[in-house]
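Chemist: Got a structure for you, written out below as C-alpha cells; questions coming shortly.
The values are calculated or read from the model by the stated rules, or taken from the named source; none is laboratory data. It should be emphasised that the depicted structure is a prediction, and the values quoted were computed from it without experimental measurement. As a convention, Cβ positions derive from the backbone with ideal geometry for all residues, glycine included, and neighbour counts pool all protein chains shown.
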Amino acid sequence: MTDAVLPPARVALVGNPNSGKTALFNALTGSRQKVANYAGVTVERKEGVLTTPGGRIVHILDLPGTYSLRARSPDEAVTRDAVLGRLAGEVAPDVLICVADATNLRLVLRLALELKAVGRPFVLALNMYDIAQRQGLRIDLEQLSREIGAPIVTTVATRKRGIEDLVRQVDQLSLGATPSDSVWHEPSAAEIRDAHREAQRIVKACVRPAERPDTLTGKIDGVLLHPVFGLLILLALLFVMFQAVFTWAAPLMELVDAGFSGLAQLVATVLPPGLLASFIGDGLIAGVGSVLVFLPQILILFFFILLLEDSGYMARAAFLMDKIMGGAGLHGRAFIPLLSSFACAIPGIMSTRVIDNKHDRLTTILVAPLMTCSARIPVYTLIIGAFIPQQTVWGVLSLQGLVMFGLYAAGIVSALLVSFVIRRVFWRGTVEPFMMELPTYRWPEARNVLMNLWTRVRIFLSRAGRIILPLMVLIWALSTFPYPPPGAPGPAIDYSIAGRLGHLLQPLLAPIGFNWQMTVALIPGMAAREVAVAALGTVYAVGDPNGGTVALASALQSQWSLATALSFLAWYVFAPQCVATLAVVKRETNGWLWPTVMFVYMVALAYLASLVVYHVAVALGGG
Amino acid sequence: MSDVLVFQSASLDAGTAEASRVRPLSSAAKGERGVIVQVGGVTGATEAIHADELERRLLEMGFVEGAVIEVLHEGAFGRDPIALRVDDMRVALRRREAAAVSVRFDGIKP
Ligand SMILES: Nc1nc2c(ncn2[C@@H]2O[C@H](COP(=O)(O)OP(=O)(O)OP(=O)(O)O)[C@@H](O)[C@H]2O)c(=O)[nH]1
Ligand SMILES: [Mg+2]
C-alpha cells in the first residue's frame, strides 16, 4: 500500500464561524488567507495543498463558517454545497475536518452530529486548545471521541501546534474509512432540538467546566458596550484613527516626498532636457511618485483596522451601531462589510455574502462604495494639504485632520441616507433578524498584524506598478503628443491630445468649477481613485514651463480656487471612480443592472454635491 | 377534605407564581438571569421571515430550551439590541427576535 502512488486526498474544513478554520488552513498549507477575530471573515472557498510526510498530496479546502449545513446566506451555501459535493465540477471531499473552538463545544458538537449524516469520515480538531488549557477546562478526549465516533486532535492553529497529528489522522481516515452515502436533509426544529439534547449530554459527560473562566472579556465589555461610554469610545476611536492618518503620517510622507523631489532634481540635472527627461521626470516620478507618497497614510489606516479586527472589537462596534443602522434600513450584519469598506470597497462588497436577505444585501452593496476607502486618501490629503491651513483647533486638534474627519463623516452619513431612501422607496418592509456572536477579546498578534501590513504594502506597490504606471505612461504620452506647430502661442500641452480632450469636455464640468486639467485627470481616474492624483501630477508637470519641479500641491495652490478644491473633494466623496468596484458588483450580483444603477446614482450625487459646494463656496467668497 | 383543597390552592399559587416569572426575552432588562423554557411558538414576533425559520435559526445559535441566559448589556438607543450570555457564548440579538424566546427568570445578578 505504502509503495504504490496514492491518489491525492481532498479535505474540507468545516466548523462554526470564528473557530480558527482559516488559521488552521494557513498552518496546514502555508497560505496567508485572512484571519481575524469576528464571525464571517471567510466568505468563499479557498483551496490549498499540502504534502504528507509519506509524500501524499492533500488538497485542503477552507470554507466559510456556519452553525448548520442548512445554509441561510450565500457564504453558508458555499459551505453546504462544498461539503455535499454539489459545487459544479467538484466531488464531495474524502474527509472533513470539523474545527471546534475547544472553549465552546456545544454548538459545534451539534454541527458535528449533523455532519455525520453526510456520510464522510471526519476528524474533530479541538482548536484554541491553548485557551482551553489556560482556563483549566478539562476535556475527556477519549470519551468524547467515542461519543461522537470520530478521532480527535487538539490544535493551536496560530502556533502551528497539533498540525502533524491532524495530517496523520486525515491521511489514515482517507485510506481507512469508507464513506457512505449522504443521508443529510435539512433538519426540522424538532431534530435540531434532539441534536442539542444529545450534544448537551455529551458535553456533560466529557467536559468539566473551566476552573478559571475568562472574566476579562466581561469586564472590558462593561466599558466598551456601555450605552454612553461605549458610543463615546467608538466615536473617539474613529476620530483618533482619522486624525492619526493625517498627523502621524506627515513626517514619513515628507521623507518619501523629499526622496522623489531629489530624484526629479537629479533627473533634471543629469539628463539633457528632452523627451526622455520629460518621460522620467513628468511621467514616472511626478505621476507614480505622487501616489506612492501616500503609502504611510494607508498603512496607518490599515494598522488601526487590523487592531479592531484582531482584538474582537468589530462585533462590539456593530452592536453599538445596530440601532442606527437598522434605522437607516440596513441589516445588522451590514456593519462589518461597511467598516471593511474603509479599507477598500471590494472586500467590503464581498463580505456582504454573510447577509441572508437579497434586498438587504443589495442595499449594502450599493452604499458600500460611499464609505471612504483608502484610495481616496491620496486625493483628500493632496487637496487638504494644499488648501486647508495647518492650524490647531481647540488647542489639540489639527484643522486638516478635522476636515479629513468631516469627509469620512460625509461618506458615512450619505451611505446611511442613501440606504434609508432605498429602503423607503424601493424595498419597503422586511427587516431581517440580527444575531451575532460576540467573540472573546484577544490580544492582536504582532506577527499577524505585521504580515497583513506587509500584504497591504505589496498590494499597494503592485497596484502602482500594474495600474498607475501604465496609465501614467499613457497620460504622459497623451499630454505630450502631438507637439504644437512651430511658433504656436500658448503652452504646448494645449495642443496635445489630452489638452484638446480636456478643453473639449471641460464645459460639461465647468458648472462645478473643474478646469480642463481636472477633466483630463478624471478620465484615467475611472480606473482607480488615486490615479487622478497621479494624472494631475503628470499633467501639471508636463504643462509646467519650468520643467515640472514644483510640487503638485503648490501647483494646485496657484491654479485652483478654494471653491474648485472643495468641489473636487465633494466629487470624490461620491463619484464611482473605480472600475474594480463596479466589476465586483457585477460579479456578486450576476449582471450589469446593479453596477449600472450604482454608477448612475453615484455620478448624479457627485455632480449635485459638487455643484452645491462650488456655488456656495463662490457665494461665500471662495471663488 | 380541606387538606386536599389547601394543597391544591397552594400548588395553584406556585403555578401562577411560576408562570409570572416566565416572560419573553424581549422584555428582559440588563442583569436578569434565567433559563429558556420555550423557543418559537410565538406568533407575530417577526414578519420578515417565517416563524418556523426564525425558530430554527435561534436553535442553531444555541437558544434552546434549558439553556441558561443572562442579559449582559443593552444598546444605547431604545435599549436595543441586547447582548446575552447563552450558556458559554456571548450573542447579540435584537429585541424583536428575542420576543420568540420565553425565559423563566430567576433573579438579577447582584
Ligand atoms: N489563541 C488562539 N487563537 C486562535 C487559534 N486559532 C485561531 N485563533 C484566533 O481566532 C480568530 C479566528 O480565526 P479564523 O481562522 O479567522 O477563524 P475562522 O473559523 O476562519 O472564521 P470565519 O472565516 O469567520 O468562519 C483569530 O483571531 C485567530 O487569531 C488558536 O488555536 N489559539
Ligand atoms: Mg475563515
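Chemist: Condition check: more than 7 Å from every other protein chain (Cβ to nearest Cβ), modelled with pLDDT under 65 and within 24 Å of residue A:323 (Cβ to Cβ). Does residue B:42 satisfy that?
Modeler: Working: more than 7 Å from every other protein chain (Cβ to nearest Cβ): yes; modelled with pLDDT under 65: yes; within 24 Å of residue A:323 (Cβ to Cβ): yes.
In short, yes.
Chemist: Can you pull out every residue in the stretch A:130-183 that is more than 19 Å from residue A:22 (Cα to Cα), β-branched (Val, Ile, Thr) and either without any contact (Cβ under 8 Å) to a residue 60 or more places away in the chain or not assigned by TED's automatic domain parsing to the domain that holds residue A:103 (or both)?
Modeler: Residues satisfying the conditions are A:148, A:178.
Chemist: Kindly provide the set of residues from the stretch A:127-161 that are more than 16 Å from ligand 2 (Cβ to nearest atom), within 23 Å of residue A:175 (Cβ to Cβ) and not acidic (Asp, Glu), ordered by number.
Modeler: A:141, A:145, A:146, A:148, A:149, A:150, A:151, A:152, A:153, A:154
Chemist: For the structure I just gave you, tell me whether residue A:229 is within 30 Å of residue A:396 (Cα to Cα) and away from chain B (no Cβ under 14 Å).
Modeler: Values: within 30 Å of residue A:396 (Cα to Cα): yes; away from chain B (no Cβ under 14 Å): no.
Against the criterion (within 30 Å of residue A:396 (Cα to Cα) and away from chain B (no Cβ under 14 Å)), residue A:229 does not qualify.
Chemist: Looking at (1) surrounded by 16 or more Cβ atoms within 10 Å (Cβ to Cβ); (2) under 27 Å from residue B:61 (Cβ atoms); (3) among the basic types (Lys, Arg), which is the one condition that is false for residue A:219?
Modeler: (1)
Chemist: Now, a different point. If you scan the stretch A:47-73, which residues turn out to be within 16 Å of ligand 2 (Cβ to nearest atom), surrounded by 19 or more Cβ atoms within 10 Å (Cβ to Cβ) and not polar (S, T, N, Q)?
Modeler: Of everything in the stretch A:47-73, those that are within 16 Å of ligand 2 (Cβ to nearest atom), surrounded by 19 or more Cβ atoms within 10 Å (Cβ to Cβ) and not polar (S, T, N, Q) turn out to be A:60, A:61, A:62, A:63, A:64, A:65, A:67.
Chemist: Checking residue A:326 against (1) touching a residue at least 24 places away in the same chain (Cβ under 8 Å); (2) surrounded by fewer than 22 Cβ atoms within 10 Å (Cβ to Cβ); (3) not hydrophobic (A, V, I, L, M, F, W, C), which single condition isn't satisfied?
Modeler: Of everything listed in (1) touching a residue at least 24 places away in the same chain (Cβ under 8 Å); (2) surrounded by fewer than 22 Cβ atoms within 10 Å (Cβ to Cβ); (3) not hydrophobic (A, V, I, L, M, F, W, C), residue A:326 misses just condition (2).
Chemist: Condition (residue is buried (at least 18 other Cβ atoms within 10 Å of the Cβ) and away from ligand 2 (no atom under 16 Å from the Cβ)) applied to the stretch A:1-19: is it met by at least one residue?
Modeler: The answer is yes, given that some residue of the stretch A:1-19 is buried (at least 18 other Cβ atoms within 10 Å of the Cβ) and away from ligand 2 (no atom under 16 Å from the Cβ).
Chemist: Hey, residue B:88 hits all of (1) at pLDDT below 90; (2) facing chain A (nearest Cβ under 7 Å); (3) touching a strand residue (DSSP E or B) at 6+ places or on another chain (Cβ under 6 Å) but one; which does it fall short on?
Modeler: Here residue B:88 meets the rest and fails (3).
Chemist: Please go through (1) touching a residue at least 60 places away in the same chain (Cβ under 8 Å); (2) crowded, with 24+ Cβ neighbours inside 10 Å; (3) within 16 Å of ligand 1 (Cβ to nearest atom) for residue A:337 and return the number of the only condition it doesn't satisfy.
Modeler: Among (1) touching a residue at least 60 places away in the same chain (Cβ under 8 Å); (2) crowded, with 24+ Cβ neighbours inside 10 Å; (3) within 16 Å of ligand 1 (Cβ to nearest atom), the lone unmet condition for residue A:337 is (1).
Chemist: Could you pull out the residue among A:192, A:202, A:148 that is in contact with a strand residue (DSSP E or B) (Cβ under 7 Å, 6 or more places away or on another chain) and under 22 Å from residue A:96 (Cα atoms)?
Modeler: Numbers: A:192 fails: in contact with a strand residue (DSSP E or B) (Cβ under 7 Å, 6 or more places away or on another chain); A:202 fails: in contact with a strand residue (DSSP E or B) (Cβ under 7 Å, 6 or more places away or on another chain).
Just a single option satisfies the conditions, and that option is A:148.
Chemist: Can you tell me which of (1) within 10 Å of ligand 1 (Cβ to nearest atom); (2) within 14 Å of chain B (Cβ to nearest Cβ) is the one residue A:110 doesn't meet?
Modeler: Answer for residue A:110: the failing condition is (1).
Chemist: May I ask you to list pairs of residues, at least six apart or on different chains, whose Cβ atoms are under 8 Å apart, with the first in the stretch A:4-30 being away from chain B (no Cβ under 14 Å) and the second being more than 16 Å from ligand 2 (Cβ to nearest atom) and acidic (Asp, Glu)?
Modeler: Matching pairs, first to second residue: A:9/A:94; A:9/A:171; A:10/A:94; A:11/A:94.
Results for (1) modelled with pLDDT under 90; (2) assigned to a loop (DSSP other than H, G, I, E, B), shown as yes or no for each residue.
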position	(1), (2)
A:535	yes, no
A:546	yes, yes
A:554	yes, no
A:558	yes, no
A:563	no, no
A:594	no, no
A:598	no, no
A:609	no, no
A:613	no, no
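Chemist: Name the residue, out of A:28, A:24, that is within 25 Å of residue A:113 (Cβ to Cβ) and either in contact with a Cys (Cβ under 8 Å, 6 or more places away or on another chain) or more than 10 Å from ligand 2 (Cβ to nearest atom) (or both).
Modeler: Exactly one of A:28, A:24 is within 25 Å of residue A:113 (Cβ to Cβ) and either in contact with a Cys (Cβ under 8 Å, 6 or more places away or on another chain) or more than 10 Å from ligand 2 (Cβ to nearest atom) (or both), namely A:28.
Chemist: Let me ask something additional. Yes or no: the stretch B:94-110 includes at least one residue that is of a type in the set (A, V, I, L, M) and at the interface with another protein chain (Cβ under 7 Å from one of its Cβ atoms).
Modeler: no
Chemist: Still on this structure, please answer the following. Out of the stretch A:31-46, which residues are more than 9 Å from ligand 2 (Cβ to nearest atom) and in contact (Cβ under 8 Å) with a residue 60 or more places away in the chain?
Modeler: Residues of the stretch A:31-46 more than 9 Å from ligand 2 (Cβ to nearest atom): A:31-32, A:37-39, A:44-45.
Listed by number, the residues that qualify are A:32, A:37, A:38, A:39, A:44.
Chemist: Quick one: in the stretch A:35-81, of everything that is hydrophobic (A, V, I, L, M, F, W, C), near ligand 1 (Cβ under 9 Å from one of its atoms) and away from chain B (no Cβ under 14 Å), which residue is nearest to residue A:162 (Cα to Cα)?
Modeler: Restricting to residues being hydrophobic (A, V, I, L, M, F, W, C), near ligand 1 (Cβ under 9 Å from one of its atoms) and away from chain B (no Cβ under 14 Å), the top hit is A:35.
Chemist: When only residues in the stretch A:113-146 that are away from every other protein chain (no Cβ under 11 Å) and among the acidic types (Asp, Glu) count, which is nearest to ligand 1 (Cβ to nearest atom)?
Modeler: Top of the filtered list is A:130.
Chemist: Look through the stretch A:92-134, keep the residues that are assigned to a loop (DSSP other than H, G, I, E, B) and within 33 Å of the chain's Cα centre (by Cα), and return whichever of them is surrounded by the fewest Cβ atoms within 10 Å (Cβ to Cβ).
Modeler: A:92
Chemist: Continuing with this model, one more query. When you scan the stretch A:436-458, how many residues do you find that are without any contact (Cβ under 8 Å) to a residue 60 or more places away in the chain and either surrounded by 20 or more Cβ atoms within 10 Å (Cβ to Cβ) or closer than 30 Å to residue A:16 by Cα (or both)?
Modeler: 4
Chemist: Please go through the stretch A:14-34 and give me each residue that is closer than 15 Å to residue A:315 by Cβ and within 7 Å of ligand 1 (Cβ to nearest atom), ordered by number.
Modeler: If the condition is that a residue be closer than 15 Å to residue A:315 by Cβ and within 7 Å of ligand 1 (Cβ to nearest atom), then A:17, A:18, A:19 are the ones that fit.
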